[in-house]
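Engineer: Below you'll find the structure I mean.
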Amino acid sequence: MKITKITAIATALLLTTLTTQAGTLEDVQARGELNCVINTGLVGFAAPDANGKWGGFDIDHCRAVAAAVLGDADKVKFVHATGKTRFTLLNSGEGDVLFRNTTETMSRDADLKLSFLPITYYDGQGFLIRKSMGITSAKELDGASVCIQTGTTTELNLADFMRNNGISYEPVAIETSEEGIASYSAGRCDTYTADASGAASIRAALEDPSAHMILPEIISKEPLGGAVRHNDDAWFDTVKWIVNALINAEELGVTQANVKQLASAPGDNPSINRMLGTESNMGEMIGLDNAWAVRVISAVGNYGEIFDRHIGPSTLIGLDRGLNALWKDGGILYAAPIR
């Protein structure tokens with residue numbers, strides 16, 4: 001009798017787990033729209049153009065997921081979130097995936113119950129200042145007022161850096177990047193601290209970017225990437241391999257311009273063939289058909305194309321690849337193989 005009860009309980013738990021794990025992909029496909037949690041506005045990463053259409057590095061990752069699972073990169077509903085609200089929106093089910101310049105940390109993983117996707121941008125925290133201040137190091141900021149976005153890792157990093165170096169400061173709390181730009185522009189803070197990529201984005205949005213500089217100190221590690229909720233391994237696998245495909249595509253030379261030709265006339269490279277679905281049956285493993293990666297790359301290009309289009313050297317943000325170059329080009333960007 002005891003064995004029967006235990007078996008029944010175990011079976012019920014297993015069925016509950018399997019049901020939970022199978023949910024998000026099917027929900028998104030049934031809804032016909034991906035709910036993607038993004039920034040309220042950060043130039044180069046997630047911001048509207050003159051016509052109100054949202055674009056950017058993070059936006060293209062949202063669009064890549066929609067292309068893979070829905071067949072249309074435009075079937076995305078953007079769920080705008082501040083640093084404070086982003087995890088609540090994801091965990092409440094209002095968002096299916098988060099792509100919002102978010103740092104992976106132990107507490108966010110284990111305590112907030114987030115499953116982090118492959119890192120898409122290796123970053124670190126920096127300081128934006130006016131050149132007219134005559135400061136060349138963050139260690140000269142004693143007594144400065146510092147604009148800091150609440151609900152972010154930058155708050156703790158700032159406190160640690162200032163304490164370790166015996167520097168006093170006055171925090172100026174902000175909720176959004178837009179508020180931060182306004183506060184910094186109005187002189188309500190001497191410096192703005194954020195991920196260095198975010199600081200570059202803020203600088204690009206100022207009236208005269210050339211009057212501002214980012215100090216040389218990088219005071220933290222900020223591995224940025226997307227995230228999904230815990231307890232949905234099937235959905236995690238789907239989105240994880242979509243992100244990996246973007247990075248692998250750059251390494252393999254698969255671009256927005258040549259992907260359809262490579263898919264229609266397969267060559268001798270088995271890695272390309274597996275990714276594009278002309279060899280093996282990789283799509284079935286993540287709940288998709290075999291043309292999923294073709295749709296992704298056709299819609300947004302590979303990782304390098306996304307980077308160059310939105311935040312690269314020829315953009316207003318002007319970021320070099322640096323650590324975010326492929327491993328074979330001197331960076332540390334590295335995706336697990338599709339095989």
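Engineer: At a 1.4 Å probe radius, carbon and sulfur cover how many percent of the accessible area of the chain?
Structural biologist: Details: 8150 of 15290 Å².
Roughly 53 percent, rounded to a whole number.
Engineer: For K84, go through the aspartates and glutamates and keep the ones whose alpha-carbon is under 13 Å away, minus same-chain ones fewer than eight residues off.
Structural biologist: Those aspartates and glutamates meeting the cut-off are E155, E175.
Engineer: Turning to a different aspect of this structure: Residue-wise, which Karplus ³J(HN,Hα) couplings in Hz belong to segment 270-281, taking 6.51 cos²θ - 1.76 cosθ + 1.60, θ = phi - 60°, and x for glycine or proline?
Structural biologist: Whole-Hz 3J(HN,Hα) from phi for segment 270-281: x, 5, 5, 4, 5, 5, 8, x, 8, 9, 6, 9.
Engineer: Could you pull out every residue, at least 5 positions away or on a different chain, whose amide H is within less than 5 Å of the one on H80? Hs are placed 1.01 Å off N in the peptide plane, and Pro or chain starts have none.
Structural biologist: I38
Engineer: If you don't mind, there's one more thing I want to ask. Determine by what factor the alpha-carbon radius of gyration of segment 153-248 differs from 2.2 N^0.38 Å, reporting the quotient. Walk me through the numbers on the way to the answer.
Structural biologist: Values: Rg = 17.4 Å, N = 96, 2.2 N^0.38 = 12.5 Å.
Scaled against compact globular proteins, the figure is 1.40.
Engineer: Could you run the Karplus curve 6.51 cos²θ - 1.76 cosθ + 1.60 with θ = phi - 60° over segment 200-205 and give me ³J(HN,Hα) per residue in whole Hz, x for Gly and Pro?
Structural biologist: 5, 5, 4, 4, 5, 8
Engineer: Please label the shape of segment 200-274 as rounded, prolate or oblate, based on the square roots a ≥ b ≥ c of the eigenvalues of the alpha-carbon gyration tensor (a/c under 1.5 means rounded; beyond that, a/b larger than b/c means prolate, else oblate).
Structural biologist: Numbers: a/c = 3.02, a/b = 1.64, b/c = 1.84.
Judged from the Cα gyration tensor, segment 200-274 comes out oblate (a/c at least 1.5, b/c at or above a/b).
Engineer: Report ³J(HN,Hα) in whole Hz for each residue of segment 304-310, in order, from the Karplus equation J = 6.51 cos²θ - 1.76 cosθ + 1.60 where θ = phi - 60°; Gly and Pro get x.
Structural biologist: x, 5, 4, 4, 5, 5, 10
Engineer: Too long at a 29 Å Cα-Cα cut-off: which of K53/K113; K75/K221; K240/K328; K113/K260; K53/K131?
Structural biologist: Beyond 29 Å: K53/K113; K75/K221; K113/K260; K53/K131.
Engineer: In nm, what is the difference between 0.36 nm times the number of residues separating A257 and L112 and their Cα-Cα distance?
Structural biologist: On the way: separation 145, 0.36 × 145 = 52.20 nm, distance 4.01 nm.
Full-extension gain reported as 48.2 nm.
Engineer: Counting only the heavy atoms of the protein chains, how much of S271 is accessible to a 1.4 Å probe, in Å² to the nearest 10?
Structural biologist: In the full protein context, S271 sits at about 40 Å².
Engineer: Among residues other than G55 whose Cβ falls under 15 Å from its Cβ, what is the net charge (Lys/Arg +1, Asp/Glu -1)?
Structural biologist: -2
Engineer: Give me the 1.4 Å probe accessible area per residue for the chain, excluding ligands and nucleic acids, in Å².
Structural biologist: 45 Å²
Engineer: Another question, if that's okay. List the residues whose amide H sits under 5 Å from the amide H of L288, counting only those 5 or more places along or on another chain, with H placed 1.01 Å from N in the peptide plane.
Structural biologist: none
Engineer: So, one more: Taking the mean number of other Cβ atoms within 10 Å as a proxy for protection, how do you rank 305-318, 60-73 from highest to lowest?
Structural biologist: Peptide ranking by packing, descending: 60-73, 305-318.
Engineer: Can you work out the PRE-style zone for E33? Point 7 Å along Cα to Cβ, and I want the residues of segment 82-103 with backbone N under 19 Å.
Structural biologist: The answer is 89-99, whose backbone nitrogens lie closer than 19 Å to the label point.
Engineer: I've got another one for you. Whose amide H sits under 5 Å from the amide H of W54, counting only residues 5 or more places off or on another chain, with H placed in the peptide plane?
Structural biologist: HN-HN under 5 Å from W54: D49.
Engineer: Is the C-alpha gyration tensor of segment 232-320 telling us rounded, prolate or oblate? Criteria: a/c under 1.5 is rounded; beyond that, a/b larger than b/c is prolate, otherwise oblate. Don't skip to the end; give the middle numbers.
Structural biologist: Working: a/c = 2.60, a/b = 1.41, b/c = 1.84.
Judged from the Cα gyration tensor, segment 232-320 comes out oblate (a/c at least 1.5, b/c at or above a/b).
Engineer: Continuing with the same structure: So what's the net charge close to R31: Lys and Arg +1, Asp and Glu -1, counting the other residues with Cβ under 10 Å from its Cβ?
Structural biologist: Cβ neighbours under 10 Å give a net charge of -2.
Engineer: Magnitude of the Cβ-charge dipole of segment 33-160, K/R +1 and D/E -1, about the Cα centre, nearest 20 debye?
Structural biologist: That gives a dipole near 240 debye.
Engineer: Moving on. Just from its helices, what would the mean residue ellipticity at 222 nm be for the chain, if runs of 4 or more DSSP H residues each count -39500 (n - 2.57) and the sum is divided by every residue, rounded to the nearest 500 deg cm²/dmol?
Structural biologist: Per the formula, -12000 deg cm²/dmol.
Engineer: For every other residue with a beta carbon closer than 13 angstrom to the beta carbon of S183, add +1 if it is Lys or Arg and -1 if Asp or Glu, then tell me the sum.
Structural biologist: -4
Engineer: What does the charge dipole of the chain about its Cα centre add up to, to the nearest 20 debye, if the Cβ of each Lys and Arg holds +1 and the Cβ of each Asp and Glu holds -1?
Structural biologist: In debye, rounded to 20, the chain gives about 500.
The values are calculated or read from the model by the stated rules, or taken from the named source; none is laboratory data. Keep in mind that what you see is a predicted model, and the values were worked out from it rather than measured. Backbone-built Cβ (ideal geometry, glycine too); neighbour counts: all protein chains shown. Just so you know, the surface numbers come from the protein's heavy atoms only, side chains and all, with ligands and any DNA or RNA stripped out. Shrake-Rupley method; radii C 1.70, N 1.55, O 1.52, S 1.80 Å.
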